[in-house]
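See structure below.
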């Protein structure tokens with residue numbers, strides 16, 4: 001099992017509205033995505049990686065999902081997290097990820 005990994009970065013929260021219900025995501029910066037891919041070890045279904053994410057004082061368990069088009073990962077940010085962290089699409093946020 002790979003050692004625990006911690007990553008911190010700033011990125012924009014964006015809205016994917018093509019589905020019936022809109023989803024909010026943060027795209028992991030390319031340099032961080034490369035480190036995660038190198039260290040991840042075994043992935044789950046769809047190549048997902050379980051993480052613990054934190055924005056401000058709000059933390060939650062979720063998964064990163066690979067994006068083949070960019071070679072990065074998407075971090076889904078559910079409504080409850082956006083409400084508690086007082087963030088909306090277009091906001092640049094500081095994110096901490098813990099893997100392992």
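Residues in the stretch 70-91 that are under 19 Å from residue 22 (Cα atoms) and not in a helix (DSSP H, G or I): 12 in all. If you filter the stretch 38-69 down to residues that are within 17 Å of residue 7 (Cβ to Cβ), in contact with a strand residue (DSSP E or B) (Cβ under 8 Å, 6 or more places away or on another chain) and not in a strand (DSSP E or B), you find that the one that is modelled with the highest pLDDT is 56. The single condition from (1) modelled with pLDDT of 95 or more; (2) in a strand (DSSP E or B); (3) crowded, with 17+ Cβ neighbours inside 10 Å that residue 9 fails is (3).
The number of residues in the stretch 12-34 that are part of a strand (DSSP E or B) and within 13 Å of the chain's Cα centre (by Cα) comes to 8.
Among residues of the stretch 25-49 that are exposed (fewer than 14 other Cβ atoms within 10 Å of the Cβ), those with a Cβ under 6 angstrom from a residue that is modelled with pLDDT under 85, sequence gap 6+ or separate chain, pair up as 41/2.
The values are calculated or read from the model by the stated rules, or taken from the named source; none is laboratory data. Keep in mind it's a predicted model, so treat the numbers as computed, not measured. FYI the Cβ positions are ideal-geometry reconstructions off the backbone, even for glycines, and counts take in every protein chain you see.
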